[in-house]
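These notes concern the structure reproduced below.
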Amino acid sequence: MLKEGYYEEAIFRFVIDISEKFPKEIPSISFKSKIWHPLIKESGELDLHAIFPDWNFDVGRQMIDILTKLRSIFSDRKFFEMKESFNPAAAEQFIKEPEAFLLKTLECAKVSKEDFKNLPEDCPYRFNQTESVSEKIKEILDNPNIDKAEKKKLLKEEIELKIKENKTPI
């Protein structure tokens, strides 16, 4: 669940398609929720190439990098101003009519919450309640003074600690 920003309270469902060539080849992400965003087509496809224009295999290209960036596309202004992506109309609206953009995104958030409550009967993912991200994990993810390697180490330690305590890690 997104806790702040244009999509506050949103619960977006998405699918990550990882080919056998990963990490040499970037995976694809498609949202099942309808989202008004410059990086997302009406069909739900996310423009990962706009986020990672020079994707190539190296030690730093892992799924955690993709998930971290995925979260940031809903809060980082630069992703809203990307006219050279899948939905230039959304970028244009963000720049020229920010209030209208905000109303549209909040409506997406509202619909996403309703959709999440009404998952199809055959959906294997059922939740009685949503859990919020722990403050410790938020601090780690949001701290610009911690480099990527240190963030990964700290996140791993925090999750292992929560598992030992029999708590939900996030």
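The values are calculated or read from the model by the stated rules, or taken from the named source; none is laboratory data. Owing to the predicted nature of the structure, the values given are computational and were not obtained by experimental measurement. Quick reminder, even Gly has a Cβ in these numbers, built from the backbone with ideal geometry, and neighbours come from all protein chains shown. What goes into the accessible areas is simple: the full protein's heavy atoms, side chains included, and nothing from ligands, DNA or RNA. Shrake-Rupley method; radii C 1.70, N 1.55, O 1.52, S 1.80 Å.
Can you confirm whether Lys113 is at pLDDT 90 or above and part of a helix (DSSP H, G or I)? Taking the combined requirement at face value, the residue does not satisfy it. Quick check on Ala91: is it free of Cβ contacts under 8 Å to residues at least 12 places away in the same chain, in contact with a helix residue (DSSP H, G or I) (Cβ under 7 Å, 6 or more places away or on another chain) and among the aliphatic types (A, V, I, L, M)? No: the conditions fail for Ala91. One residue stands out among those in the range 1-28 that are hydroxyl-bearing (Ser, Thr, Tyr) and buried (at least 17 other Cβ atoms within 10 Å of the Cβ): the one that is modelled with the lowest pLDDT, which is Tyr6. Ile170 passes every criterion in (1) modelled with pLDDT of 80 or more; (2) exposed (fewer than 15 other Cβ atoms within 10 Å of the Cβ); (3) within 19 Å of Leu70 (Cβ to Cβ) apart from (1).
In the set (1) under 11 Å from Trp36 (Cα atoms); (2) open to solvent by less than 50 Å² (accessible area, probe 1.4 Å), Leu119 fails one condition alone, (1). One residue alone among Leu119, Leu103 is modelled with pLDDT of 85 or more and either out of contact with any Phe, Trp or Tyr (no Cβ under 7 Å at 6 or more places or on another chain) or not in a helix (DSSP H, G or I) (or both), and that residue is Leu103. Considering the range 73-100, the residues that are among the acidic types (Asp, Glu) and assigned to a loop (DSSP other than H, G, I, E, B) include one that is farthest from the chain's Cα centre (by Cα), namely Glu97.
When Phe127, Phe57 are checked against the criterion of being closer than 29 Å to Glu25 by Cα, open to solvent by 90 Å² or more (accessible area, probe 1.4 Å), part of a loop (DSSP other than H, G, I, E, B) and modelled with pLDDT under 85, Phe57 stands alone in meeting it. Check whether at least one residue in the range 13-24 is of a type in the set (A, V, I, L, M, F, W, C) and touching a helix residue (DSSP H, G or I) at 6+ places or on another chain (Cβ under 7 Å), and report yes or no. Checking the range 13-24: not a single residue is of a type in the set (A, V, I, L, M, F, W, C) and touching a helix residue (DSSP H, G or I) at 6+ places or on another chain (Cβ under 7 Å).
For the range 38-51, a residue qualifies if it is within 14 Å of Ile66 (Cβ to Cβ), part of a loop (DSSP other than H, G, I, E, B) and open to solvent by 10 Å² or more (accessible area, probe 1.4 Å), and exactly one does: Asp47.
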